[in-house]
Protein chains: 2
Amino acid sequence: MAKLLIVDDELPINRLVCKNLTLVGHECIPAYDGVQALSLIKSEQPDLIILDVMLPGISGFEIMKLLNSVPVIFVTAKTGLDDRIKGLALGADDYIVKPFEMAELTARVQAVLRRTKRDVSAFSFDDITVDFSSRNVYKNGEHIVLTPKEFALLELLINNRNLALSREKILEKVWEYDYCGDTRTVDVHVQQLRHKLGIKDRIKTVFKVGYRFEI
Amino acid sequence: MAKLLIVDDELPINRLVCKNLTLVGHECIPAYDGVQALSLIKSEQPDLIILDVMLPGISGFEIMKLLNSVPVIFVTAKTGLDDRIKGLALGADDYIVKPFEMAELTARVQAVLRRTKRDVSAFSFDDITVDFSSRNVYKNGEHIVLTPKEFALLELLINNRNLALSREKILEKVWEYDYCGDTRTVDVHVQQLRHKLGIKDRIKTVFKVGYRFEI
DNA sequence: AATTTTCATTACAATTTCATAACATCCGTC
DNA sequence: GACGGATGTTATGAAATTGTAATGAAAATT
């Protein structure tokens, strides 16, 4: 999960990009012109900027000249070679030409985030942070040690937050598919999670069904 | 300026790429198939690899899976979205589609080299210094002798610090790609590193998964 | 060829995980 | 409020996983 600044003056495109990148877990801040972008870069300190070249007022190229260390993916309608080279020469981390497929944009975003080490595939709620890439969990900055089953269960709950998960479903996903154990096993692990994380009301019991992680 | 490995089985293209990149001041080493590429990566330790996907023998994708920290620019004739995403997901630093203009390739090479500029030929933590260029390790100024496997493992851990690395991933990267050994081998080498470097708590075990180097 | 070094494998010890059981408490229904 | 089933809580021992040291084969060096 990373904080992204989406700079594009075309409202529908900006919306679409934001929506898609939010869906894969990022926080997206839209900006619709160069001046707004510069101000948001200062105040929000995004991890990555997706920057349209053609902007009212200050152009994308000029914005990039003012940047220092923030990674940038350039977006433009121009397919001319000069523009691409200009973008890369200015220090862009990547370049994508309109019209582009959303899948390609998200792939490029992930690639840039990975190599600039700015991606923190983490999930936070209350005073708890779950870092999936390092498999660490913190509560108030303090490290919480989870066993493999506990971590897998927490991961499942987070990925299906606000959904009621049946014990059977949980068994199927966290344990082996054909595992034929007591469903009470699930209960015990849920209690363990509640205890270790100190969250009583986030993991709700759905009577006669299973559990639901509410956020 | 930099040492580049050009991997392409089509002789004229390989020649052309080499020629152009040599003209802008790089040292170019050509490779014409996957096996040759792997061997040259080991012996020459290039700063950047330009990698064609379609190769006789081992594919470009498979080569990339085995790489650790060397930057890669993918070259392919396929314009399909899947291939592009696959390349980026595997950790490619850039992607270029045939046929491409030489000016664009050289621009992308410069861009990748600029942002991967490895000014850190050494890595230090606690009382330990790891010098990657000379492959020396010091603890309190005292020289620590590491075997090749141990050094490769340490390098992998440092390059992926604060990430949970699975035993399979470690085997894949440090050992040969088709090596089919006991995963306990990884454990033994990790213990050896912990012992030699005198770091017990830096290399954490991630139960049921593998290890994580914390810094 | 002899010596040294590297390293995969093995066996066993130490540790961790986790399913189960046993009992306590809660919930909905009557 | 009483009942029965469902869930919360805690403890325990077996099983799985990892730590450790030793061994001998293979590779590298002399």
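Table for the structure above
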| read-out | value |
| --- | --- |
| ³J(HN,Hα), Karplus 6.51/-1.76/1.60, whole Hz, each residue of the range B:190-204, x for Gly, Pro | 4, 4, 4, 5, 4, 5, 5, 8, x, 10, 8, 9, 6, 8, 8 |
| Centroid-to-centroid separation of the range B:179-215 and the range A:131-166 [C-alpha atoms, Å] | 23 |
| Those Cys residues of the protein assembly as shown for which no other cysteine Cβ falls under 4.7 Å | A:CYS180, B:CYS180 |
| Under 5 Å, built H, 5+ apart or other chain: amide partners of A:SER124 | A:VAL130 |
| Lysines whose Cα lies under 19 Å from that of B:LYS196, excluding same-chain neighbours fewer than 8 positions away | B:LYS139, B:LYS149, B:LYS204 |
| For A:ASN140, net neighbour charge (Lys/Arg +1, Asp/Glu -1) across residues whose Cβ lies under 12 Å away | -2 |
| In Hz, Karplus ³J(HN,Hα) per residue of the range B:71-76 (6.51, -1.76, 1.60; θ = phi - 60°; x = Gly, Pro) | x, 10, 10, 7, 10, 8 |
| Chymotrypsin sites (Phe, Trp or Tyr not before Pro) lying in DSSP loop within the range A:135-215, provided at most 16 other Cβ fall within 10 Å | A:TYR177, A:TYR179, A:PHE207 |
| Gaussian network model of chain A, springs between alpha carbon atoms under 10 Å - residue of A:GLY141, A:GLY34, A:GLY60 with greatest fluctuation | A:GLY141 |
| P(r) tail fraction, the range B:81-170 - alpha-carbon pairs more than 17 Å apart, % | 66 |
| Sequence-distant aspartates and glutamates (8 or more away, or on other chains) whose Cα lies within less than 20 Å of A:LYS42 | A:ASP8, A:ASP9, A:GLU27, A:ASP33, A:ASP52, A:GLU62, A:ASP93, A:ASP119 |
| Span per principal axis, largest first, for the Cα atoms of the protein assembly as shown (Å) | 69, 58, 44 |
| Relative contact order computed over chain A (Cα-Cα under 8 Å; 6+ residues apart), in percent | 13 |
| Mean separation of Cα contacts under 8 Å (6+ apart) over length of the range A:122-213, as relative contact order % | 26 |
| Principal axis dimensions, largest first and in whole angstrom, of the range B:56-215 by Cα | 52, 34, 25 |
| Chain A - mean residue ellipticity at 222 nm from DSSP helices (-39,500 (n - 2.57) per run, n ≥ 4, rounded to 500) | -12500 deg cm²/dmol |
| Gyration tensor (Cα) of the range B:122-213, equivalent ellipsoid semi-axes in angstrom | 22, 14, 11 |
| Radius, Kirkwood style, for the range B:3-116 when every pair of distinct Cα atoms is counted (Å) | 13.7 |
| Amide H within-cut-off set for B:TYR95, under 5 Å, with H built and near neighbours excluded | B:PHE74 |
| Mean Cα-pair separation over length for the range B:3-116, i.e. relative contact order, pairs under 8 Å, 6 or more apart, % | 23 |
| Integer Hz, Karplus 6.51/-1.76/1.60 couplings in order for the range A:32-48, x for Gly and Pro | 10, 7, x, 5, 4, 4, 4, 5, 6, 4, 5, 7, 9, 6, x, 7, 7 |
| Proximal aspartates and glutamates relative to B:LYS200, as straight alpha-carbon distance under 18 Å, when same-chain residues fewer than 8 apart are discounted | B:ASP126, B:ASP127, B:GLU150, B:GLU155, B:ASP187, B:GLU214 |
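Coordinate-derived values only; no laboratory data. Since we're looking at a predicted model, the values are computed, not measured. Note that each Cβ is placed from the backbone with ideal geometry, even for glycine, and that neighbours are counted across all protein chains shown.
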